[in-house]
Amino acid sequence: LSIDTDFDGCMEHVQRLCEDEGVYLANSKNSLRIEGQKTVALEICQGLGWEVPDWVVIPGGNLGNVSALYRGFENLKHAGIIERVPRILVAQAAHANPLYRSFQNDFAPLEPIEAQTTQASAIRIGNPVSFPKAVRALKACGGLVTSVSEEALTKAARHADERGLYLCPHTAVAQAGLEEAIASGQIAQGSSVVIVSTAHGLKFTEFKNATAMDSVPGVSLGSSRTPIEVAHDYAAVRDAALSSAK
């Protein structure tokens, strides 16, 4: 169904269908969904040789991943596999940041907002259903919440792309949030940090092209990254490739 509303409006209809018609809710408000999502924490520890990072950074929208991460690490600690739970930093787009607004007021009760347009479209959510679970998790691990502008997330995406990564705009929100947390001293230099990448950049080709060409609406990076046009000739390709690698 293509409904004439945003994510929050769709969620209202979904929840009412569940309450009135017995439809099964499978999104992150369902605790069984969290049990599946928590395996991200197990895979992080396994990938690091069971060394626990100091921080895990994740973009925040409907906020199910926040409590899922904490639950996974908490399970590992209770099982005696790890000795501590890492702190979690949730990064939100400034155009859709109800959790950040709550955090700024000592985790005040959620005040839903009308989320505005953001390049990080999957986290354009103003009334996250997993807000209570996320707050409990962040309080338990001493977590933080940050909010990043469209310009900051775009800069972070280009910065990462130029170093061999290809971030989706949502992961770029997390990257920008990490950079701001380091700059402000909230995360110390030298800390071990894992950023959870929530999608592949190829799903957002228009954003990637706009980032390179400095044509993201409302954002100015000050320069574009136009492709180097090369003739269909090996010598020309060789020279251009070797020249650009220097």
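The values are calculated or read from the model by the stated rules, or taken from the named source; none is laboratory data. Since we're looking at a predicted model, the values are computed, not measured. Using ideal geometry, Cβ is built from the backbone for each residue, glycine included, and neighbour counts are taken over all protein chains shown. In case anyone asks, the SASA skips ligands and DNA or RNA and just uses the protein heavy atoms, side chains included. Shrake-Rupley method; radii C 1.70, N 1.55, O 1.52, S 1.80 Å.
Its Cα centre serving as origin, the chain has a Cβ charge dipole (Lys and Arg +1, Asp and Glu -1) of approximately 660 debye. The residues neighbouring Leu167, those whose beta-carbon lies less than 12 Å from its own, together hold a net charge of +3 under the Lys/Arg +1, Asp/Glu -1 convention. In angstrom, the C-alpha Rg and Dmax of the range 125-246 are 18.4, 61.
Given +1 at the Cβ of Lys and Arg, -1 at the Cβ of Asp and Glu and no other charges, the dipole of the range 148-193 around its Cα centre is 120 debye to the nearest 20.
Near Phe207: Cβ cut-off under 12 Å, other residues only, Lys/Arg at +1 and Asp/Glu at -1. The net charge is 0. For the residues Leu17, Leu221, Leu144, a GNM of the chain with alpha-carbon springs under 10 Å puts the largest fluctuation on Leu17. Over all other residues within a Cβ to Cβ distance under 10 Å of Ile187, the charged ones net out to -2, with Lys and Arg as +1 and Asp and Glu as -1. Solvent-accessible surface of the chain, taken per residue with a 1.4 Å probe and all protein chains present: 54 Å². Over the chain, the pair-distance histogram of Cα-Cα distances with 5 Å bins from zero comes to 1, 6, 12, 15, 17, 16, 12, 8, 5, 4, 2, 1, 0, 0 percent, rounded to whole numbers. Protein heavy-atom surface of the chain, 1.4 angstrom probe: 51% of the accessible area is carbon and sulfur, with nucleic acids and ligands not counted. GNM remark for the chain: springs join alpha carbons under 10 Å apart, and the peak mean-square fluctuation among Ile58, Ile81, Ile44 falls on Ile81. Computed as a quarter of the hull surface, the mean projected area of the alpha carbon convex hull for the range 150-197 stands at 3.3 nm². When each of the peptides 85-94, 24-33 is scored by how many other beta carbons lie within 10 Å of its residues on average, the order from highest to lowest is 85-94, 24-33. Projecting the Cα positions of Gly60, Gly72, Gln104 onto the charge dipole of the range 50-104 (unit charges on Cβ atoms of Lys, Arg, Asp and Glu, taken about the Cα centre) puts Gln104 furthest along the positive direction.
For the range 6-139, the percent of C-alpha pairs falling in each 10 Å distance bin, counted from 0 to the bin holding the largest distance, reads 13, 39, 33, 14, 2. Ordering 153-166, 172-185 by mean Cβ neighbour count within 10 Å, with the highest value first, yields 172-185, 153-166. Ranking Gln116, Ala174, Leu144 by how far each Cα lies toward the positive end of the dipole of the chain (charges on Cβ) leaves Leu144 at the top.
Rounded to the nearest 500, what is the chain's calculated 222 nm mean residue ellipticity when only DSSP H runs of at least 4 contribute -39500 (n - 2.57) each, over all residues?
Theoretical 222 nm ellipticity from helices: -14000 deg cm²/dmol.
The mean sequence separation of alpha-carbon pairs under 8 Å and at least six residues apart, normalised by the residue count of the chain, gives a relative contact order of 18 percent.
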